[in-house]
Amino acid sequence: MLDDIKQYLRVTHNLDDEMLNGLILIAKQLIVEKTGIEYKEGDGAYLMLIRFLVAHFYENREAVGEKAMSEMPYTIQHLMVHIALRGDYDQQGQV
């Protein structure tokens with residue numbers, strides 16, 4: 001998953017690999033806490049949400065910023081609700 005995230009973020013070096021792996025773990029944990037749904041390989045909505053969350057955390061990693069860190073972009077909020085409401089799909093997207 002690290003390679004996918006680095007490609008999404010357009011990160012071409014290995015300097016932040018440890019941080020990115022940590023952010024992936026945090027994103028997965030946050031999604032489970034908010035939705036009750038565990039990640040399954042091949043779940044496109046969940047993978048996209050992980051990408052968005054990691055990007056949000058990575059790009060806003062400074063202690064201080066212009067926006068409040070409690071604010072989550074609408075896309076992240078929407079995907080979080082979608083995953084929670086749709087339930088737990090199997091690999092083929094069936095309930």
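The values are calculated or read from the model by the stated rules, or taken from the named source; none is laboratory data. These numbers come from a predicted model, not from an experiment. Cβ coordinates were reconstructed from backbone atoms using ideal geometry, including for glycine residues, and neighbour counts include every protein chain displayed.
Considering each of TYR39, TYR58 in turn, give the residue that is modelled with pLDDT of 90 or more and hydroxyl-bearing (Ser, Thr, Tyr).
Residue meeting the stated conditions: TYR58.
Out of segment 3-17, which residues are within 14 Å of the chain's Cα centre (by Cα), touching a residue at least 24 places away in the same chain (Cβ under 8 Å) and under 15 Å from GLU59 (Cα atoms)?
ILE5, TYR8, LEU9
Here's a check for you: in segment 61-93, which residue that is charged (D, E, K, R) and at pLDDT below 85 is nearest to VAL11 (Cα to Cα)?
Once the filter is applied, the top-ranked residue is ARG61.
Is it true that ILE26 is in contact (Cβ under 8 Å) with a residue 40 or more places away in the chain and not small (Gly, Ala, Ser)?
no
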